[in-house]
Each structure stands twice: as C-alpha cells, then as structure tokens.
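The structure appears below as structure tokens.
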C-alpha cells in the first residue's frame, strides 16, 4: 500500500536531522520563524549543486523575509561535509534523512543505478514551506532531479502569502 502524501495545512510533527558541523536540525512543530525545507538527492547530483548554490546566494533574502533555511539529504555525514567544504554553503545542512522521514514527507525514493551514482536509496527533490505553527503551507515534490520550484518565484510568492495571510492551497 502506498504511503499517503503529506497534506497542505496539516501539522508536521517535529523531525530531527544531524547537522553538518554538529548539533541537530529540527523541522516541524512550533517555532518562531517560517521554514523553507529543501530536500536534495545528495552529493552525487550535479543538478542539486546548481540549485543549492542558487539557494545559498539567496539565503539572505529568505532570512530577511523571515524564513529559516534548512537543507537535508540522505547522504552520510562525510558526503554532506564534503559538499559544504567544496561549495561553502552557509545554510543549515542536515544529513542522514531516513526512509521513514522520506515517507512522512511524501518524497519519491530512488534505488541508485549503480555504485558509481551512490550506494544507498535516496530521496528525490522536495521543497516545503512551513508556517511557524508547524503546518505545511507548500509541498513541491519531484520524482527526478530536473523539476524544482524556481527559488526567486517561490520567495516572491511566499512573501505575498505571508503579507496577505493566504491559506494553504490544494486542500480539497
């Protein structure tokens, strides 16, 4: 039986991820700021690097708009650390996304094509926006690396949504 997809407007129970550099990241549950959560495929994905480099360049804009920016993958710590060392990202980067967490977020999961790609199943891209109460405002899932929300357009839409207190869409 397929795992149900997350529902816009539903509360996301807190999920914890180990963080590159130490400590942990928590998404879901109540917090002071809004959250932009980006799930990426992992170190093996060049399209992810391009997307995340763009996100890092916009990180200040997202933060100025009142969003905590969190990025996570199923990669182990060493691969996540290698990405930060190579690209110098300043956002919080989590690693070790588990299969049960992938299912909770409704993410598509892929078996690697070969060991040259990576050595374990990984999550396909997902972008989520959570309100401070922990409810899911926006859910964007992809089953492959080529379809992801445009970050500038998304930020513009989220600023408008916050300013006008728009409800989650797609709830019927």
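Just so you know, all these numbers are worked out from the coordinates, no wet-lab data involved. A quick note: this is a predicted structure, and the numbers were derived from the prediction, not measured. FYI the Cβ positions are ideal-geometry reconstructions off the backbone, even for glycines, and counts take in every protein chain you see.
Separation between the residue 5 and residue 156 pseudo-spin-labels, each 7 Å from Cα along Cα→Cβ, expressed in nm?
2.5 nm
Note the angle between two axes, namely the Cα long axis of helix 46-64 and the longest principal axis of the Cα atoms of the chain, as a number of degrees from 0 to 90, rounded to the nearest 10.
Tilt of helix 46-64: around 30 degrees.
Under the definition of Cα pairs under 8 Å and six or more residues apart, what whole-number percent is the relative contact order of segment 15-164? Write out the running numbers ahead of the final one.
Values: 268 pairs, mean separation 42.8, N = 150.
Worked out over segment 15-164, it gives 29 percent.
Nearest 10 degrees is fine. How inclined is helix 151-164 to the longest principal axis of the chain, computing both from alpha carbons?
Taking Cα atoms only, the helix is inclined about 30 degrees.
I'd like the orientation of helix 77-87 relative to the chain: the angle between its Cα long axis and the longest Cα principal axis, in ° from 0 to 90, rounded to 10.
80 degrees
Sort 72, 129 by Cβ crowding within 10 Å, fewest neighbours at the top. Spell out each step's value before the answer.
Working: 72 26, 129 23.
Ascending Cβ contact count within 10 Å gives the list 129, 72.
Modelling each spin label as a point 7 Å along the Cα-to-Cβ direction, I'd like the residue 87/residue 147 distance in nm, to one decimal.
Roughly 2.2 nm, to one decimal.
222 nm [θ] for the chain, helices only, -39500 (n - 2.57) per DSSP H run of 4+, per residue, to 500? List each step's numbers first, then the result.
Working: 4 runs with 51 residues, N = 172.
About -9500 deg cm²/dmol.
So for the pair residue 172, residue 49, with labels modelled 7 Å out along Cα→Cβ, what separation do we get in nm?
Taking the two extended label points, one gets 4.5 nm.
For segment 15-164, what is the convex hull (Cα atoms) projected area averaged across all directions, in square nanometres?
Numbers: hull surface 32.9 nm².
Hull-based average projected area comes out at 8.2 nm².
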